[in-house]
Amino acid sequence: MQKNQFVSLGIESTAHTFGVGIASVATETDNKKAKGKILANVIKQFTTKSGGIIPVQAAEHHVEICDIAIAEALAAAKLKINDVDIISFSQGPGIGHCLRVGAAAARTLSLVHKKPLVGVNHCISHLEIGRLLTDAKDPVLLYVSGANTQVIAFEAGKYRIFGETLDMGVGNMLDQFARQIGIGFPGGPRIMNLAAAGKNYVELPYVVKGMDVSFGGILTNIIRKFESGSYKKEDLCYSLQETVFAMLVEVAERALAHTGKSELLLGGGVACNTRLQEMCRIMCREREAKLFVPERQFLVDNGAQIAWQGVLDYLNGKRTPVEKSAIRPYWRTDEA
Ligand code: ATP
Ligand code: FE2
């Protein structure tokens, strides 16, 4: 390949996905205007037929798959490892067992092939991949995944959390309800399908505290309703979506108002939900803001977002020497 490209290989392993992505940016004179490109995005997901993620099993899956995923990504990008300039990896936040596998793979590539290592913050990379792949310039990110629920924006020189869950992530809550009603994992898409057939709204707690949300009480309440046998699954799924998505939209809208920004970007697996997208679209239209929804492969956890964040961090001078590359399972967005 021509060597006027700066290439980053990125490894994602915060939870049930092991992803390897490759991103590049031109290094010519008009560097500042150069847009990055995604050359590969290989996603390998650990799934279960019933029950949720067991960290040790997900980590074993990642160990088994990591060589293949790296080779597939290089092949898709038509590159050799020697064409790669830096190795980026998700340093946190996430599940320790899973993070450790990606970090070990990244350190090995870095040491064996003598490439600089860059540890990136996973949450922020959802925002930056969205900025790369959509026309969003300075958005508020509604990041809704299994473990995370955060409203993030860049303000006064750093990434800040404007609102977040006080207990579990919205995706984990949906997955737990799905497990209770016996529809398996991942629950989000299956709840979405059932909800489409729901007609009657069942009253559920609506829990917004300031700019934060909480899902634990809603989960307990809806499981009790399900166990009472007096409600249809479809109606419960419909009501659950309407309630928790309204909470998310409310907090996102307030973050837009507070920051004075006029772009909303979606990220995370739950953002694949078409009803959530529709509710966000209506809210944005009403306040003359723009909504940006990246393609599915860039909403769910992926290696491309890590590769691209690595490019941005490296060009900003960041390096992560191996002795400082320990995983950071509780790394806060506002500390990055
Ligand atoms: P993170 O480490 O960022 O927390 P994650 O492991 O939760 O990531 P993602 O791929 O971002 O991974 O999101 C997975 C979640 O998205 C699951 O909880 C799943 O149920 C949910 N999800 C996927 N599709 C939909 C959908 N259509 N509607 C609602 N939820 C969905
Ligand atoms: Fe994520």
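The values are calculated or read from the model by the stated rules, or taken from the named source; none is laboratory data. These numbers come from a predicted model, not from an experiment. A quick note on method: Cβ atoms are made from the backbone with ideal geometry, for glycine too, and the neighbour counts reach across all protein chains shown. Just the protein is used for accessible areas: all its heavy atoms, side chains included, with ligands, DNA and RNA removed. Shrake-Rupley method; radii C 1.70, N 1.55, O 1.52, S 1.80 Å.
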Sort out which residues of the stretch 97-111 are among the β-branched types (V, I, T) and touching a residue at least 24 places away in the same chain (Cβ under 8 Å), and write them in order of number.
V101
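How many residues are over 19 Å from L39 (Cα atoms), among the polar types (S, T, N, Q) and outside any loop (DSSP other than H, G, I, E, B) if we restrict to the stretch 307-336? Give the steps one after another, and end with the answer.
In the first step, residues of the stretch 307-336 are kept if they are over 19 Å from L39 (Cα atoms); the result is 316-336.
Still in the list and also among the polar types (S, T, N, Q): 316, 320, 325, 333.
Filter once more, so that each one left must be outside any loop (DSSP other than H, G, I, E, B): 333.
Count: 1.
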Filter result (surrounded by 11 or more Cβ atoms within 10 Å (Cβ to Cβ), modelled with pLDDT of 70 or more and more than 22 Å from the chain's Cα centre (by Cα)) within the stretch 23-55
V25, A26, T27
Output the qualifying pairs, or none if there are none: Cβ atoms under 6 angstrom, residues six or more apart or on different chains, first residue in the stretch 297-322 and open to solvent by 30 Å² or more (accessible area, probe 1.4 Å), second residue of a type outside the set (S, T, Y) and assigned to a loop (DSSP other than H, G, I, E, B).
R319/P116
Restricting the first residue to the stretch 263-283 and requiring it to be open to solvent by less than 30 Å² (accessible area, probe 1.4 Å), which pairs with a second residue that is within 15 Å of ligand 2 (Cβ to nearest atom) and of a type in the set (S, T, Y) meet a Cβ separation below 6 Å and a spacing of at least six or different chains?
G267/Y143; G268/Y143; G268/S145
Filtering the stretch 224-256 for residues that are under 15 Å from L141 (Cα atoms) and open to solvent by 60 Å² or more (accessible area, probe 1.4 Å) leaves a count of 2
Kindly indicate the residue of the stretch 293-313 that is away from ligand 2 (no atom under 12 Å from the Cβ) and among the charged types (D, E, K, R) and also farthest from the chain's Cα centre (by Cα) among those meeting that condition.
D313
Helices (runs of 4 or more DSSP H) fully within the stretch 213-299 counting 2 or more residues that are among the basic types (K, R):
216-228, 233-259, 274-286
Out of all the residues in the stretch 142-155, is one or more open to solvent by 30 Å² or more (accessible area, probe 1.4 Å), outside the structural domain of F89 (by TED's automatic domain parsing) and more than 9 Å from ligand 1 (Cβ to nearest atom)?
yes
Among the residues of the stretch 88-104, write down those that are more than 11 Å from L117 (Cα to Cα) and either assigned to a helix (DSSP H, G or I) or among the basic types (K, R) (or both).
G96, H97, C98, L99, R100, V101, G102, A104
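Taking the condition in the same structural domain as T27 (by TED's automatic domain parsing), away from ligand 2 (no atom under 16 Å from the Cβ) and among the hydrophobic types (A, V, I, L, M, F, W, C), does V244 pass? Before you say what the answer is, go through the steps one by one.
Numbers: in the same structural domain as T27 (by TED's automatic domain parsing): no; away from ligand 2 (no atom under 16 Å from the Cβ): yes; among the hydrophobic types (A, V, I, L, M, F, W, C): yes.
So V244 fails the test.
State which residue is surrounded by the most Cβ atoms within 10 Å (Cβ to Cβ) when the search covers only the stretch 156-177 and only residues that are among the aliphatic types (A, V, I, L, M) and either within 14 Å of ligand 2 (Cβ to nearest atom) or on the phi < 0 side of the Ramachandran plot (or both). Outline the logic, then answer.
Restricting attention to the stretch 156-177, the residues satisfying the condition of being among the aliphatic types (A, V, I, L, M) are 156, 161, 166, 168, 170, 173-174.
Narrowing further to those that are either within 14 Å of ligand 2 (Cβ to nearest atom) or on the phi < 0 side of the Ramachandran plot (or both): 161, 166, 168, 170, 173-174.
Values: I161: 17, L166: 14, M168: 19, V170: 27, M173: 25, L174: 29.
Result: L174.
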Hey, any hits in the stretch 100-113 for a residue that's surrounded by fewer than 23 Cβ atoms within 10 Å (Cβ to Cβ) and within 17 Å of V300 (Cβ to Cβ)?
no
Which residue pairs have Cβ atoms under 6 Å apart, sit 6 or more places apart or on different chains, and have a first residue in the stretch 56-76 that is open to solvent by 80 Å² or more (accessible area, probe 1.4 Å) and a second that is assigned to a helix (DSSP H, G or I)?
V63/V101
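Tally up the residues in the stretch 284-327 that are over 15 Å from I11 (Cβ atoms) and within 16 Å of ligand 1 (Cβ to nearest atom), please.
Applying the first criterion (over 15 Å from I11 (Cβ atoms)) to the stretch 284-327 yields 284-300, 312, 315-319, 321, 323-324, 326.
Remaining after also requiring within 16 Å of ligand 1 (Cβ to nearest atom): 293-300.
Total meeting the criteria: 8.
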